[in-house]
Structures are given as structure tokens and as C-alpha cells.
1. Please compute the modelled spin-label separation between ALA259 and GLU153, points set 7 Å along Cα→Cβ, answer in nm with one decimal.
2. Per residue, how many Å² of accessible area does the range 39-133 show with a 1.4 Å probe?
3. Is the shape of the range 39-133 best called rounded, prolate or oblate, per the rule: a/c under 1.5 gives rounded, else a/b larger than b/c gives prolate, else oblate, with a ≥ b ≥ c the square roots of the Cα gyration tensor eigenvalues?
4. Measuring from label point to label point, each 7 Å out along Cα→Cβ, what is the ASP63 to LEU178 span in nm?
5. Pull up all non-local amide H partners of ASP50: gap of 5 or more, or a different chain, and H-to-H distance under 5 Å with H placed in the peptide plane.
6. Where does each of 72-82, 402-412 land if you order them by average Cβ count within 10 Å, highest first?
7. If each of THR301 and ASN38 carries a label point 7 Å out from its Cα toward its Cβ, how far apart are those two points in nm?
8. Could you tell me the distance between the Cα centroids of the range 98-137 and the range 199-254, to the nearest Å?
Amino acid sequence: MAGRAQRSAAGPAPGLLPPLLLLLLAAAAVIRTGESQNLVTEDVTVVEGDVATISCRVKNSDDSVIQLLNPNRQTIYFRDFRPLKDSRFQLVNFSNSELRVSLTNVSISDEGRYFCQLYTDPPQEIYTTITVLVPPRNLVIDIQKEIAVEGEEIELNCTAMASRPATTIRWFKGNKELTGKSEVEQWSDMYTVTSQLLLKVGREDDGVPVICLVDHPAVKDLQTQRYLEVMYKPQVRVSQNYPVQGLTREGEPLELTCAAFGKPQPTDMRWLRVDDEMPQHVVVSGSNLLISNLNKTDNGTYRCEASNAVGKSHADYMLFVYDPPTTIPPPTTTTTTTTTIPTTITDTTATTEPAVHGFTHLPNSAEELDYGDLSDSRAGEEGAIRSVDHAVVGGVVAVVVFAMLCLLIILGRYFARHKGTYFTHEAKGADDAADADTAIINAEGGQNNSEEKKEYFI
């Protein structure tokens, strides 16, 4: 075709003139996209190296010829024929209503406008734009100091190289998003973006990842990270091993343990007494401090110090020795037995007097009062009072029962004496005698043999 154009320029042949005039008229009558056109196409966005598909469609087909041209106006496909010798273009579908072509292994040089032409009267043309996206070639984090010290401000730089379009860089420390400052450099059609982050680090940042994440339409979840390494001075803590609970009392032992954590690990740890010398009977073994027998002279502040290459830290323990606990004797009981009913009598003076006189001395201050001992003594007193109340009630009931029994016995003896056995002196035959003299005479002979009348009281 090019050869024919050259020959026509030198001297066009009579047989080639009508086709050339037809092409010129078609080019002059080309109409841009509008509502009256039957051609339809869409823009294509593709990632470098992927496949782009170009589609030229006809809404109301009249069997007109469809062809596809590249940005240089070279024919890629004329109907289902491919004049262009680029094997990356492949025919996907051809019909009277559609011409669909695929382009494999897309590169930046393929970007531009591609034209769909329909040979109608007048001819129609529409173009589609291929946009090629290039993901970043490399993503790198540079850190100013590999090992930072607590409280320092360090600089981190994240670079996304050779992308198209320019990338957006985001920073994260753990799950928290941070704000950086970005700069964009353009090289030909490519962009290089560098983001700078200034970060003040603390001991809590040791081992935490700093993430550089890229937002780009050509790639998803592209990120890189660096773990922070932070040095910090020791963190010291003093714990009481014995006594586990309660107050530190005179005569009892005391054991303390010092724990220190830092980076690097503390190498020097020691105990001392603030504003005074350490007592001679105090035993220090590494991180442990032991006082086997506390006394008032041990009162004071004991300090544990630990140090490493970064610095020194300490923790204090304030010791106050209290008086030994006071022991209250338990309540006592006395049992008294009678011949009739046993009765228990409780000696209440034994429980009340120790509560008043149980302290060998008064506390030096309100803080020295041992609430545990007082609660124990009060609980003993309440128990003793409850036992006394029960004994009194039992004694009263026993006395009442005993009094009722005695009353019943006395009444019984009284009735037995006044209504006991008695004799009647009536003579036999007195009922038949005419008078009293006759009755007496009749009764003299049988008086001794007469039966005695008896009555019994039950």
C-alpha cells in the first residue's frame, strides 16, 4: 500500500485514482463521537505486562466494514485481516457488529489512542485510549540509626522507585498510622517518590515494626517494614517475699527481692540504705536482702540500684517495724454440780478483764495498732458473751424446774399426812340397839374382833 502511495506520488495510475479520492473524501468526512454515531468503545487501563482488550462495536449494523488503527494510524485489523505484522495483536471476535482485538504483554510504548473506523456514508470514527500502569520497581526503608536510645528522634526514609503514576506512601507504627513528608521526582515517564518520617522513640517502641505501605492502582498490599531496636535504662521493682501479708513486726524476719529489666540487661545491682549505714545483721545476696530478726533500729528506706550502658535507675522500700502482737488468753469456765440438777456457771470476769488489761503497753501511734489482733480479741469476747448468755438462760430454766419439783413434793407430803389411814370406832350392832347404853353393852364383847375400816389416799 505504501508502495502504491509512492507510485501515485510520482505519477498516479488511472486505476488507482478512484480509491485514493475515496480515502481522501472519507478522511475529510470523519465525524467525531456523537449521539448519531453507531460506533461504541471504551477506554482501557492495563498494568504493564498484562493483556489489553480493544473492542469496536456497532449498535445498528448495516454490514459496513470495521477496521482498527494504532496511534500511528497504522491498520491493525481490517475486518478479520491483520495487515500489521505485530503478533501481540490477536483477533478475539469478529462479526458485522463487533471487532474485538487483544494486545498481550503491554508496555509503556503501547499507550495512546486507538481508532475504530466504520465505512458508512459518511464514514464514522471513534477512538479509545489505552493507559498503562507501572507498579513501583522497588520499595526500600532506610533508617538513620540501626540502634536508637530511648528519647532520641530518628529519621526513616521510604523510597518507591520507577512507578507510573506516582505512588502515595503511608507510614504505620504497629497499628497506628503516622504522617510523613513526601517528595516526587520524574524521570521520563516514570516517577520516584521518597517519604521521610521523623520519630521519637521510647522503650515501648523496642521490637515494634515500622511499616511503609504503598497506595497505587497497579498493585495491592505492597509494603515493607523495619523493626525498631531501642536501648533503655533499667526499670527496677522491689517485692516483699516474707512476710507475704501483714505488718513487719519486731522479732520477725524480712526478705526483699529486687528485679531489674533493661536493654541491655543490667549488669550491676546493689542494695543500700538511704541516709544511713546498712545494719550489720542485714544479709545481701545478689538481688535479695534478708533481715532475720527485725528491731526498731532497722526502720528506714532501703534502695535497690541497677545500671546498664544507657543509665541507672532505682526503687525504694520504706521499712517500719511494728511492735510484736499481744496474745489475749482464752475465756475459762467453772462447773458446779448440785445433788438434784447439774448447773454450769460461767465466770464472766475471766473474759472481760483481759480485754482491758491485755496490752502490755499502749501503741506508740495509731498506725501501730494491730487491727488483726484487735479483731481476734473482739471475736473472742463476743463468743464468750454469747456462751455466758446461754449459760444464764440454762441456769434460770433449771432453777424454775427444780422449784416446781420441790413444790410438788411438798404438796404431796401435806396431803398424805392429812388424808391418811384413820380408824372408825363404831361398834357392831349399834344399829339394832334401842338406845346408846344397849349399843355399848352389845359392843363390848366384839370390840376387839371388829374389822378396822381403812381409807387410802392415792
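1. Here the answer is 3.6 nm between the modelled labels.
2. Values: 4590 Å² over 95 residues.
On a per-residue basis, the range 39-133 sits at 48 Å².
3. Values: a/c = 1.91, a/b = 1.70, b/c = 1.12.
Note, shape of the range 39-133 comes out prolate.
4. Roughly 7.2 nm, to one decimal.
5. VAL106
6. The packing order, highest mean first, is 72-82, 402-412.
7. Result for the modelled spin labels: 9.8 nm.
8. That distance is 57 Å.
The values are calculated or read from the model by the stated rules, or taken from the named source; none is laboratory data. This structure is a prediction, so every number in the text was calculated from the model and none was measured. For neighbour counting, all protein chains shown are included, and Cβ atoms are generated from backbone atoms with ideal geometry for every residue, glycine included. Calculation scope for accessible area: heavy atoms of the full protein, side chains included, ligands and nucleic acids excluded. Shrake-Rupley method; radii C 1.70, N 1.55, O 1.52, S 1.80 Å.
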